[in-house]
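Colleague: Can you read through this structure? Questions will come right after.
The values are calculated or read from the model by the stated rules, or taken from the named source; none is laboratory data. What you see is a predicted model, and the numbers here were worked out from it, not measured in a lab. Here the Cβ positions follow ideal geometry from the backbone for every residue, glycine too, while neighbour counts run over all protein chains shown.
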Amino acid sequence: MEKAVLSYNGKQYELPVFNGTENEKAVDITNLRKDSGLITLDVGYQNTGSCQSAITFIDGEKGILRYRGIPIEVLAEKSTFVETAYLLIYGHLPNLSERRLFSQRLTENSMIHEDMLRFFDGFPPTGHPMAVLSTMVNALSVYYPGYFTDNFESDTFDLMAVRLISKIRTIAAYSYKHSIGEPFVYPRHDLMYCANFLNMMFNSPVKPYNVEIDMDRALNTLLILHADHEQNCSTSTVRLVGSSMANLYSSICAGICALWGPLHGGANQRVIEMLETIREDGFTIKQCISMAKDKESRFKLFGFGHRIYKNFDPRATILKKMCHEFVAKYNIHEPLIDIAMDLENAALADQFFIDKKLYPNVDFYSGLLYRMLGIPTNMFTVMFAIGRLPGWIAQWKEMHDSRPLKIGRPRQLYIGDNIRDFVPIEQR
Ligand code: SDX
């Protein structure tokens, strides 16, 4: 075991150093406060590891992303979202019988309780679908209770996992139908995961919709690319909430709420709104780059920058290529793509962005693809949540599997008032 030594106040403190399987190093500060009275301070957890995990590996310098050791590029090309979900949760790609059973359980659990449809009557059609999704996902715990007692029952977990992965599609599609005043289209047992979602979204009694193979494949790839990303904001939220022994539905509900933020998963919606503003207001690319560099300006270059990726986001590379392929194959005239490309080229050539290592992230191109699939802009983050759900579930399971479960409770550095007297209101 390697050691790090901290010298403080004339004393030396040895701290164990752990090695990751990709030779990452972590200094263990578990006993730091007990031995030295010190805590560490790392606002935003930029350099702090919250756990040891075997699910996803990211090398931000080299643009590497692997799920359970398999490169994202290979999964995006050769796998399906359902297989990838199984890989993340159970640690290996399913064999034929495992995949058949998993698919069958997803099919069997695709409906939501009929009473839950009445929830939608209470939502205004203009309500943001992320608010609807978080509410309905948490409500699943009312209709499908499966709380853990002290011991982690794997059968209960397996059923809650397939219920969530299957029903999130149904909830998302129903929220869209409610927003446009059309009747709900129920899930079908003869359609696979992504095709079923697209059918629930776009089929209607008066206008039949046939799922095109390219659309189904594109959605599988989009969801695979979003399926996990180690300890990002929303995944850390799921772990923290789950660490209190809150049930899986409520932990996922918290993750959905964290993902909604425009600095995180909400960025994909903001990217399209930003591109539309540029087109409508006639900003030049030069003006946009200048505003993006001006902290005083309200303009933010959404879809750019990342806490981990400091060269390129491998997901953005795949999505950018998919955008081009779609535009060429379907002869799509999408002016926003041209603006996005010009913006990317200008930023990548600008010293400010080079110095700060700001590159397009997963959200920069994903919205353009969702748009080509016909998904409304305010549902882009819902699509991110559908993709990220297996990752959240896998991380939550890994935390529960690593007994004893430790409730997450960070420390702080207090900088407030020292002790002072209570002053009666007459004397304030
Ligand atoms: C996701 O963590 C994950 O893995 C997330 C995610 C996942 O799969 O779960 O990858 C998904 O959330 C992708 C990110 C989507 N968000 C956006 O596109 C919003 C725009 N990006 C920024 O808000 C920012 O880049 C973050 C939030 C993504 C990263 O924030 P950090 O790591 O805290 O970096 P920072 O904000 O401290 O920025 C470092 C510097 C700052 O300048 P200085 O204070 O050093 O002078 O870079 C600047 C920032 O001002 N900067 C930008 C910028 N992003 C960072 N300047 C202009 N435009 C930007 N987009």
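Colleague: Given (1) crowded, with 19+ Cβ neighbours inside 10 Å; (2) more than 28 Å from G242 (Cβ to Cβ); (3) in contact with an Asp or Glu (Cβ under 7 Å, 6 or more places away or on another chain), identify the lone condition not met by M200.
Modeller: Against the list (1) crowded, with 19+ Cβ neighbours inside 10 Å; (2) more than 28 Å from G242 (Cβ to Cβ); (3) in contact with an Asp or Glu (Cβ under 7 Å, 6 or more places away or on another chain), M200 comes up short only on (3).
Colleague: Search segment 302-335 for residues being small (G, A, S) and buried (at least 17 other Cβ atoms within 10 Å of the Cβ), and hand back the single one that is farthest from the ligand (Cβ to nearest atom).
Modeller: A316
Colleague: I need every pair where a residue in segment 267-281 that is over 13 Å from P335 (Cβ atoms) has its Cβ under 7 Å from the Cβ of a residue that is within 11 Å of the ligand (Cβ to nearest atom) and of a type in the set (V, I, T), sequence separation at least 6 or different chains.
Modeller: N268/T381; Q269/T381
Colleague: Does F352 qualify as being touching a residue at least 40 places away in the same chain (Cβ under 8 Å), assigned to a helix (DSSP H, G or I) and crowded, with 20+ Cβ neighbours inside 10 Å?
Modeller: In short, no.
Colleague: Do we have any residue at all in segment 178-191 that's farther than 24 Å from S103 by Cα, buried (at least 21 other Cβ atoms within 10 Å of the Cβ) and not assigned by TED's automatic domain parsing to the domain that holds G367?
Modeller: yes
Colleague: Where in segment 113-184 are the helices (runs of 4 or more DSSP H), entirely inside, with at least 3 residues that are within 23 Å of A246 (Cβ to Cβ) and modelled with pLDDT of 95 or more?
Modeller: Where helices (runs of 4 or more DSSP H) fall fully within segment 113-184 and carry at least 3 residues being within 23 Å of A246 (Cβ to Cβ) and modelled with pLDDT of 95 or more, they are 129-143, 154-180.
Colleague: Hey, another quick one. Out of curiosity, is H189 within 16 Å of the ligand (Cβ to nearest atom) and assigned to a loop (DSSP other than H, G, I, E, B)?
Modeller: no
Colleague: Taking segment 49-70 only, how many residues are within 23 Å of V362 (Cα to Cα) and within 16 Å of the ligand (Cβ to nearest atom)?
Modeller: 15
Colleague: Scan segment 307-315 and give yes if some residue there is at pLDDT 95 or above, of a type in the set (F, W, Y) and outside the structural domain of V238 (by TED's automatic domain parsing), otherwise no.
Modeller: yes
Colleague: Cβ-Cβ distance below 6 Å, separation of 6 or more or different chains: which pairs start in segment 214-233 with a residue that is free of Cβ contacts under 8 Å to residues at least 60 places away in the same chain and end on one that is assigned to a helix (DSSP H, G or I) and within 13 Å of the ligand (Cβ to nearest atom)?
Modeller: Filtered contacts from segment 214-233: C233/A258.
Colleague: On to the next question. How many residues are surrounded by fewer than 20 Cβ atoms within 10 Å (Cβ to Cβ) and hydrophobic (A, V, I, L, M, F, W, C) if we restrict to segment 83-110?
Modeller: Residues in segment 83-110 being surrounded by fewer than 20 Cβ atoms within 10 Å (Cβ to Cβ) and hydrophobic (A, V, I, L, M, F, W, C): 3 in total.
Colleague: Does segment 28-48 contain at least one residue that is closer than 22 Å to A394 by Cα and surrounded by 14 or more Cβ atoms within 10 Å (Cβ to Cβ)?
Modeller: Yes; the residues of segment 28-48 include at least one that is closer than 22 Å to A394 by Cα and surrounded by 14 or more Cβ atoms within 10 Å (Cβ to Cβ).
Colleague: Further, regarding this structure: Could you tell me how many of the residues in segment 65-82 are in contact with a Phe, Trp or Tyr (Cβ under 8 Å, 6 or more places away or on another chain) and surrounded by 15 or more Cβ atoms within 10 Å (Cβ to Cβ)?
Modeller: Here the count works out to 6.
Colleague: Is it the case that segment 51-69 has a residue that's touching a helix residue (DSSP H, G or I) at 6+ places or on another chain (Cβ under 7 Å) and among the acidic types (D, E)?
Modeller: no
Colleague: While we're looking at this one, here's another question. Does any residue of segment 252-272 turn out to be under 16 Å from D342 (Cα atoms) and within 14 Å of the ligand (Cβ to nearest atom)?
Modeller: Yes, segment 252-272 contains a residue that is under 16 Å from D342 (Cα atoms) and within 14 Å of the ligand (Cβ to nearest atom).
Colleague: Report whether or not F299 is more than 19 Å from F380 (Cα to Cα), more than 8 Å from the ligand (Cβ to nearest atom) and modelled with pLDDT under 95.
Modeller: Answer is yes for this residue.
Colleague: Can you find a residue in segment 289-296 that is under 16 Å from the mean Cα position of the chain (by Cα), within 13 Å of the ligand (Cβ to nearest atom) and modelled with pLDDT of 95 or more?
Modeller: No, segment 289-296 contains no residue that is under 16 Å from the mean Cα position of the chain (by Cα), within 13 Å of the ligand (Cβ to nearest atom) and modelled with pLDDT of 95 or more.
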